[in-house]
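What follows is a short report on a single structure.
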Amino acid sequence: MFKFANPNALFLYILLLVILAVYFYAGHKRRSAIRRYGSPELLGAMMPEVSRFRPALKFWLTFVALCFMVLLLARPQFGSKMETVKRQGIETVIALDISNSMMAEDVAPNRLEKSKNIVSKLVDGFEDDKVGLIVFAGDAFIQLPITSDFISAKMFLESIDPDLIARQGTNIKAAIDMATRSFTPKEGVGKAIIIITDGENHEGGAVEAAKAAVEKGMMVYVMGVGSPEGAPIPRERANDFRRDKEGNVIVTKLNEQMCQEIAAAGNGVYIRIDNTNNAQRILQREIDKLAKADVETTIYSEYDEQFSVMAWIAFILLLLEMLLMVKKNPKLKDFNLFK
């Protein structure tokens, strides 16, 4: 594959075209002026040391050198091949609750955005690791298969909102079951499942799913977002809150007890997400404790820079231009190839 790392530099060719036009125009004016003084052949015989072709050759050497220098500034690149490398890292699957209750604002700006911010910072701290992303409410599905492409992970993270799943609820069991099937078969590498939820409308079976994950060599961490006192759920595109059938405002509360039970069953820890950054630091510290092993990752190698080729060509052309004299040397008349 081929590309320019700095394609805007190619606009300099417009300037080179202007220089070329000025050169041809000046040449035309010079020839017209010579004809006014007499025959060009006669004037040439009167000035035997003046070369007819060397000034033009010097210009073209310089012009072509400038063309290559513009290419140099545009940074042409060739390459891009896939290769498999081994790195020391862990595997983490993050399951994010996107039920409507995650839009409550007892954590600023709301539960979901605060959770996404924590996940984004966690991904920023990954280096030789792999991460997968699952979203869940009443159902669960994979948003991003486990990968070392952290740019894509953050891109998919930004697109998450409650509209991705129509069925409401908080089916943590489904999220854990799906997470256990999302890891690579690699043995000896630390594998962490991070559940981020408010626990509202918990559907059951999550503790058993966490125990099953431990038996498969995984650890389950639970991050509870929200407050035990609760908060109303804003209604989308309306200056109001969600209400029940009787018209009462629905208040969603963090189910800390359920979160703690799941974390204990998963040999992990429970972390409360509030309006501070403590949860991020605690989670990072716990993740750093996991065993790291060789993780095979398929990556695209960097494009090979070709600037050195362009630089050498431009240098040689400019050197030739400098060595080429405008006038003929009478002592080397037998070797004057460009008369």
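DSSP finds beta bridges in region 138-263, and of those with both partners inside it, around 35 percent are antiparallel.
For region 309-318, putting each phi into the Karplus relation 6.51 cos²θ - 1.76 cosθ + 1.60 with θ = phi - 60° gives couplings of 5, 5, 5, 5, 4, 4, 5, 5, 5, 5 Hz, in residue order, rounded to whole numbers and with x for Gly and Pro.
Approximating the spin labels as points 7 Å out from Cα along Cα→Cβ, the ILE316-to-ASN277 distance works out to 5.5 nm. Take 4-10, 281-287 and order them by the average number of nearby Cβ atoms within 10 Å per residue, most first; the result is 281-287, 4-10. Of the three principal axes defined by the Cα atoms of region 108-203, the extents in descending order read 36, 28, 18 Å. Ordering of 159-169, 63-73 by packing is 63-73, 159-169, highest average first (other Cβ atoms within 10 Å, averaged per residue). Converting phi to 3J(HN,Hα) with the Karplus coefficients 6.51, -1.76 and 1.60 and the offset θ = phi - 60°, region 154-164 yields 6, 5, 5, 4, 5, 7, 6, 7, x, 5, 5 Hz in sequence order, with x at every glycine or proline. Taking θ as phi - 60° and the Karplus parameters 6.51, -1.76 and 1.60, the scalar couplings of region 14-28 work out to 4, 5, 5, 5, 5, 4, 4, 5, 5, 4, 5, 5, 5, x, 5 Hz in sequence order, x denoting glycine and proline. With every protein chain kept in place and ligands, DNA and RNA left out, what is the accessible area per residue of region 164-266? Probe 1.4 Å, answer in Å². Each residue of region 164-266 exposes 49 Å² on average to a 1.4 Å probe. Surface composition of region 175-287: carbon plus sulfur atoms hold 46% of the accessible area, using a 1.4 angstrom probe and ignoring ligands, DNA and RNA.
Here the accessible area of region 85-139 is 41 percent carbon and sulfur, with a 1.4 angstrom probe and all protein chains present.
The values are calculated or read from the model by the stated rules, or taken from the named source; none is laboratory data. Please read all numbers here as calculations on a predicted model, not as lab measurements. FYI the Cβ positions are ideal-geometry reconstructions off the backbone, even for glycines, and counts take in every protein chain you see. For accessibility, only protein heavy atoms count, side chains too; no ligands or nucleic acids. Shrake-Rupley method; radii C 1.70, N 1.55, O 1.52, S 1.80 Å.
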